[in-house]
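Trainee: Pasting a structure below so you can have a look.
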Amino acid sequence: MMLKTIILIGGPMKGTRFRPLSLETPKPLFPVAGFPIIHHHVEACAQVEGMKEVILIGFYQPNDALNRFITQAQQQFKIQIRYLQEYTALGTAGGIYHFRDQILAGNPDYFFLMNADVCGDFPLKEMLQFHTKKPMGTYCTILGTEATRQQSLTYGCIVENKDTHEVMHYVEKPETFISTIINCGIYLCSPALFGPLEVEFKKNLEQNYNCDYTTAPAKEVIRMEQDIFVPLASTGKLYVYHTNKFWSQIKSAGAAIYANRHYLDLYHKSHPERLAKNSVGKPQIRGDVFIHPSAQVHETAVLGPNVTIGKNCVLGEGVRVRDSVILEGAVLQDHCCVLDSIIGWNSQIGVWTRIEGTPNDPNPNKPFAKIETTQTFTNDGKLNPSITVIGSDVQVPSEVIILNSIVLPNKELSGCYKNQIIL
Ligand code: GDD
């Protein structure tokens, strides 16, 4: 069997809820548990037998960070990886149709399609087994999971035939409750899916023939969810495969902390060597911690649970870090304390300073709980409780408290802050 994977990485206008972290690096490359978000996708697909190629589709200008990621992942996973750039945002299915010849080259039997902004213990082999047992001519299997009624309204919602798991009804982000089975943004597709994509593409062209190109959306835009899944429901061509394993979206910085915790937990099974262990002359480790080999951590520091320390970070005496991600080159000076926070690239935190956020994880003990996609502001304009995010190259002085705040890059702070966005 020959397989490919397409990862939809979006572009610079996407990922705005992830600012200021996405100002420095494309969101799909933001490191979670020590590796870029899409590294975890590529790793999962490389383990499926027959996987020949991974194609990233997006509308970022090609850039050094993306090139470095591709080179490194190709070497590590011994698999071909390419980036194909859309000339404009073509929607969640327009890019696939645009690059159909490249996707179909070599006649793959099936291809996985993955949103970049999700994380999880992706059951790809199980989806393949499920899909190949469905009737010939099935177009697509959607990975689905259970959400609460409230959460479901911000996802694609699926009503299924409980015996066959055929999708009977599909509504994208409904206004009122439809179903607690939600679309995880991970699909297994047959090449026959290009049939309905072509029909939709031609319909679009006809309908928009006289539109002004400068004001009308690109005539090639196709939305997988609304334009393809909605009409395919109840035709016997679309199925849902359920998972109870860890899965979540990564829309906000808070979600990155959640993803970090769960990917670290998965390392027990997949990569125990990546988890730091307690030993003489080393920092004290509590629970799951990843420390990049180049980081210098003082032996009196206490780390964990759920902590990632990036490349070339320096952590001084008595430093305490819990439920946080410390990005490459950051310096945490003696006795500072970082809880529920992200510290940006090359930022410096002064001695005895406390950086603290409020986790927005509703269900911390449930391994596959989905986090609420909290908005930055409440309806009355207040900052929602969230983790603290320190942007890149920020200087935080000694002996201050930064609580539940977001600090933009290149700031030099002079005092304490609580519930603020520091521009
Ligand atoms: N290449 C490319 N081009 N990628 C795109 C484009 C585009 O024009 N538009 C979106 N994407 C990528 C995003 O970067 C992201 O990885 C993914 O497609 C989904 O993008 P959104 O448009 O932001 O959708 P969503 O995340 O709100 O909802 C989707 O995912 C949910 C699961 O996380 C839908 O598929 C929902 O039904 C689903 O529940």
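Trainee: Only one of these is open to solvent by 20 Å² or more (accessible area, probe 1.4 Å), closer than 30 Å to Pro26 by Cα, assigned by TED's automatic domain parsing to the domain that holds Asn115 and modelled with pLDDT of 95 or more: Pro191, Pro231. Name it. Steps first, answer last, please.
Mentor: Details: Pro231 fails: closer than 30 Å to Pro26 by Cα.
After ruling out the rest, the residue left standing is Pro191.
Trainee: While we're on this one: Of the conditions (1) modelled with pLDDT of 95 or more; (2) assigned to a loop (DSSP other than H, G, I, E, B); (3) more than 10 Å from the ligand (Cβ to nearest atom), Cys211 fails just one. Which one is it?
Mentor: (1)
Trainee: While we're here: Using beta carbons and a limit of 6 Å, which pairs, at least six apart or on different chains, have the first residue in segment 221-241 and of a type in the set (Lys, Arg) and the second one at pLDDT 95 or above and within 15 Å of the ligand (Cβ to nearest atom)?
Mentor: Arg223/Gly91; Arg223/Thr92
Trainee: Now for a separate question. Please indicate, with yes or no, whether at least one residue in segment 66-73 is under 30 Å from Phe130 (Cβ atoms) and of a type in the set (Ser, Thr, Tyr).
Mentor: Taking every residue of segment 66-73 in turn, none turns out to be under 30 Å from Phe130 (Cβ atoms) and of a type in the set (Ser, Thr, Tyr).
Trainee: Quick test for you: out of Ala46, Ala65, pick the one residue that is touching a Phe, Trp or Tyr at 6+ places or on another chain (Cβ under 7 Å), touching a residue at least 24 places away in the same chain (Cβ under 8 Å) and more than 15 Å from the ligand (Cβ to nearest atom). If you could, list the steps in order and put the result at the bottom.
Mentor: Values: Ala65 fails: touching a Phe, Trp or Tyr at 6+ places or on another chain (Cβ under 7 Å).
On inspection, the qualifying residue turns out to be Ala46.
Trainee: Tell me which residues, restricted to segment 68-88, are near the ligand (Cβ under 10 Å from one of its atoms) and modelled with pLDDT of 95 or more.
Mentor: Filtering segment 68-88 for residues near the ligand (Cβ under 10 Å from one of its atoms) gives 84-86, 88.
Within segment 68-88, Leu84, Gln85, Glu86 qualify.
Trainee: Condition first: open to solvent by less than 10 Å² (accessible area, probe 1.4 Å) and part of a loop (DSSP other than H, G, I, E, B). Now tell me which residues in segment 87-101 satisfy that.
Mentor: Leu90
Trainee: Further question on the same structure: Acidic (Asp, Glu) and assigned to a loop (DSSP other than H, G, I, E, B), is that true of Glu273? Spell out the reasoning first.
Mentor: Values: acidic (Asp, Glu): yes; assigned to a loop (DSSP other than H, G, I, E, B): no.
Considered against the rule, which asks whether it is acidic (Asp, Glu) and assigned to a loop (DSSP other than H, G, I, E, B), Glu273 comes out as no.
Trainee: Which members of segment 1-26 meet the condition of being open to solvent by 20 Å² or more (accessible area, probe 1.4 Å) and in a helix (DSSP H, G or I)?
Mentor: Once the filter is applied, which keeps residues that are open to solvent by 20 Å² or more (accessible area, probe 1.4 Å) and in a helix (DSSP H, G or I), segment 1-26 yields Thr16, Arg17, Ser22, Leu23, Glu24.
Trainee: Do you know which residues across segment 241-282 are among the β-branched types (Val, Ile, Thr) and within 21 Å of the chain's Cα centre (by Cα)? Let's see the steps before the verdict.
Mentor: Of segment 241-282, the ones among the β-branched types (Val, Ile, Thr) are 243, 250, 257, 280.
Thr243, Ile250, Ile257, listed by residue number.
Trainee: In addition: Within segment 91-122, how many residues turn out to be within 20 Å of the chain's Cα centre (by Cα) and either within 11 Å of the ligand (Cβ to nearest atom) or of a type in the set (Ser, Thr, Tyr) (or both)? Break it down stepwise before answering.
Mentor: Narrowing segment 91-122 to residues within 20 Å of the chain's Cα centre (by Cα): 91-93, 95-96, 111-122.
Filter again for either within 11 Å of the ligand (Cβ to nearest atom) or of a type in the set (Ser, Thr, Tyr) (or both), leaving 91-93, 95-96, 113-120.
Residues flagged as within 20 Å of the chain's Cα centre (by Cα) and either within 11 Å of the ligand (Cβ to nearest atom) or of a type in the set (Ser, Thr, Tyr) (or both) within segment 91-122 amount to 13.
Trainee: Exactly one condition in (1) surrounded by 15 or more Cβ atoms within 10 Å (Cβ to Cβ); (2) out of contact with any Lys or Arg (no Cβ under 7 Å at 6 or more places or on another chain) is not met by Pro293; state its number.
Mentor: Condition not satisfied by Pro293: (1).
Trainee: While we're here: For segment 27-64, name all the residues that are under 20 Å from Gln249 (Cα atoms), among the hydrophobic types (A, V, I, L, M, F, W, C) and open to solvent by less than 10 Å² (accessible area, probe 1.4 Å).
Mentor: Once the filter is applied, which keeps residues that are under 20 Å from Gln249 (Cα atoms), among the hydrophobic types (A, V, I, L, M, F, W, C) and open to solvent by less than 10 Å² (accessible area, probe 1.4 Å), segment 27-64 yields Phe30, Val32, Ala33, Ile37, Ile38, Val42, Cys45, Leu56, Ile57.
Trainee: Here's another thing I want to ask about it. Taking the criterion of being under 22 Å from Phe69 (Cβ atoms) and in contact with a Pro (Cβ under 7 Å, 6 or more places away or on another chain), would at least one residue in segment 103-110 satisfy it? Write out each step before concluding.
Mentor: Going through segment 103-110, the residues under 22 Å from Phe69 (Cβ atoms) turn out to be 103.
If we keep only those that are in contact with a Pro (Cβ under 7 Å, 6 or more places away or on another chain) too, we end up with none.
No - not one qualifying residue is present in segment 103-110.
Trainee: Taking the criterion of being more than 13 Å from the ligand (Cβ to nearest atom), among the hydrophobic types (A, V, I, L, M, F, W, C) and open to solvent by 10 Å² or more (accessible area, probe 1.4 Å), would at least one residue in segment 123-134 satisfy it?
Mentor: Looking for residues that are more than 13 Å from the ligand (Cβ to nearest atom), among the hydrophobic types (A, V, I, L, M, F, W, C) and open to solvent by 10 Å² or more (accessible area, probe 1.4 Å), one finds at least one in segment 123-134, hence yes.
Trainee: Given the conditions (1) part of a helix (DSSP H, G or I); (2) within 15 Å of the ligand (Cβ to nearest atom); (3) under 26 Å from Leu264 (Cβ atoms), report the number of the one that Leu56 does not fulfil.
Mentor: (1)
Trainee: When the residues of segment 159-186 are filtered to those that are within 9 Å of the ligand (Cβ to nearest atom) and part of a strand (DSSP E or B), which remaining residue is most open to solvent (accessible area, probe 1.4 Å)? Lay out the reasoning, then the answer.
Mentor: First, the residues of segment 159-186 that are within 9 Å of the ligand (Cβ to nearest atom): 170, 172-173, 182-186.
Next cut, part of a strand (DSSP E or B) only: 170, 172, 182-186.
Working: Tyr170: 6, Glu172: 37, Ile182: 0, Asn183: 14, Cys184: 2, Gly185: 3, Ile186: 0 Å².
Once the filter is applied, the top-ranked residue is Glu172.
Trainee: Trp345 is checked against (1) modelled with pLDDT of 95 or more; (2) among the aromatic types (Phe, Trp, Tyr); (3) surrounded by fewer than 18 Cβ atoms within 10 Å (Cβ to Cβ) and fails just one. What number does that condition carry?
Mentor: Unmet for Trp345, out of (1) modelled with pLDDT of 95 or more; (2) among the aromatic types (Phe, Trp, Tyr); (3) surrounded by fewer than 18 Cβ atoms within 10 Å (Cβ to Cβ): (3).
Trainee: Output the number of residues of segment 250-290 satisfying the condition of being open to solvent by less than 20 Å² (accessible area, probe 1.4 Å), of a type outside the set (Val, Ile, Thr) and touching a residue at least 40 places away in the same chain (Cβ under 8 Å).
Mentor: So the answer is 13.
The values are calculated or read from the model by the stated rules, or taken from the named source; none is laboratory data. For clarity, every value in this text was computed on a predicted model and none was experimentally measured. In this analysis, Cβ positions are derived from the backbone assuming ideal geometry, glycine residues included, and neighbour counts consider all displayed protein chains. Note: accessible area is taken over every heavy atom of the protein model, side chains too, but ligands, DNA and RNA are not part of it. Shrake-Rupley method; radii C 1.70, N 1.55, O 1.52, S 1.80 Å.
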